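Quick notes on the structure that follows.
The values are calculated or read from the model by the stated rules, or taken from the named source; none is laboratory data. All of these numbers come straight from a predicted model, not from anything done at the bench. Positions of Cβ are backbone-derived with ideal geometry, glycine not excepted, and every protein chain shown enters the neighbour counts. Side chains are part of the model used for accessible areas, which takes the heavy atoms of the whole protein and leaves out ligands, DNA and RNA. Shrake-Rupley method; radii C 1.70, N 1.55, O 1.52, S 1.80 Å.
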Amino acid sequence: KYLKDNGYYTITLTNLYEYLMNKTPIPKKSVVLTFDDGYEDNYTAMFPVLKEYNFKATIFVITSLIDAHDNMLTSNQLLTMEKYGVDIESHTVHHEKLNTLSKGKQLETLTQSKNRLEKILNKQINFFAYPNGEHNKSAIEALKETDYKMAFSTKKGWASKHNGIFTLHRVWVGALDSPKVFGIKISNPNYMDATQYV
């Protein structure tokens, strides 16, 4: 509601990628909504709100948990949301911390999660979020070798090409954030300084 009332636009990761790589224009007040893991409440609670406000979002999904647990998303739910315009992307097979894996294991989880989602959704998977934000040099190399285009850490801050296209920052939003704090986070790139006293 805050985003809608204050003239913000939700864009896709493809929009963001094209903006960062090719300077393709996006609305001035653009945000990307991302959700990690693939919990069922993304479908039962978040999806209806997205539809109400005609917003876009991305869910980074742990593929081993699809159709496997009551509190995680099903293939049908993923398909329904994807058809509406919710972007489903990769978050590894088992939520592995990539910086603890060998290069071979990194390649394995990146390839398997990509293949599983591409099979379910019949589309190319291009984007990735590191579980717990953990990554290293070989993880970035593995992403490039498995044809991912862009990846997100959990480092706090606005996404910028200066962070590296495979180590983009994100703004963490918590349930305890007041509307005022939320507003500062999305309007001020130096929000970490601005919100510590609010």
Could you please let me know if ILE120 is under 15 Å from the mean Cα position of the chain (by Cα) and either surrounded by 20 or more Cβ atoms within 10 Å (Cβ to Cβ) or under 18 Å from PHE35 (Cβ atoms) (or both)? no
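Rundown of residues vs (1) modelled with pLDDT of 95 or more; (2) aromatic (Phe, Trp, Tyr), yes/no style:
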{"site": "GLU108", "(1), (2)": "yes, no"}
{"site": "LYS114", "(1), (2)": "yes, no"}
{"site": "LYS119", "(1), (2)": "yes, no"}
{"site": "LYS123", "(1), (2)": "yes, no"}
{"site": "ASN126", "(1), (2)": "yes, no"}
{"site": "PRO131", "(1), (2)": "yes, no"}
{"site": "ASP147", "(1), (2)": "yes, no"}
{"site": "ASN163", "(1), (2)": "no, no"}
{"site": "TYR197", "(1), (2)": "no, yes"}
Within the stretch 133-150, the count of residues that are closer than 16 Å to GLU89 by Cα and open to solvent by 80 Å² or more (accessible area, probe 1.4 Å) comes to 3
Of the candidates LYS156, LYS103, the one satisfying the condition of being among the charged types (D, E, K, R) and in contact with a Phe, Trp or Tyr (Cβ under 7 Å, 6 or more places away or on another chain) is LYS156
Scanning the stretch 11-55 residue by residue, the ones that are closer than 18 Å to PRO189 by Cα and touching a helix residue (DSSP H, G or I) at 6+ places or on another chain (Cβ under 7 Å) total 4
- Take LYS51 and decide whether it is farther than 17 Å from PRO131 by Cβ, without any contact (Cβ under 8 Å) to a residue 60 or more places away in the chain and in contact with a strand residue (DSSP E or B) (Cβ under 6 Å, 6 or more places away or on another chain). no
Scanning the stretch 170-181 for residues that are in contact with a Phe, Trp or Tyr (Cβ under 8 Å, 6 or more places away or on another chain) and closer than 24 Å to TYR130 by Cβ, the one most open to solvent (accessible area, probe 1.4 Å) turns out to be VAL173
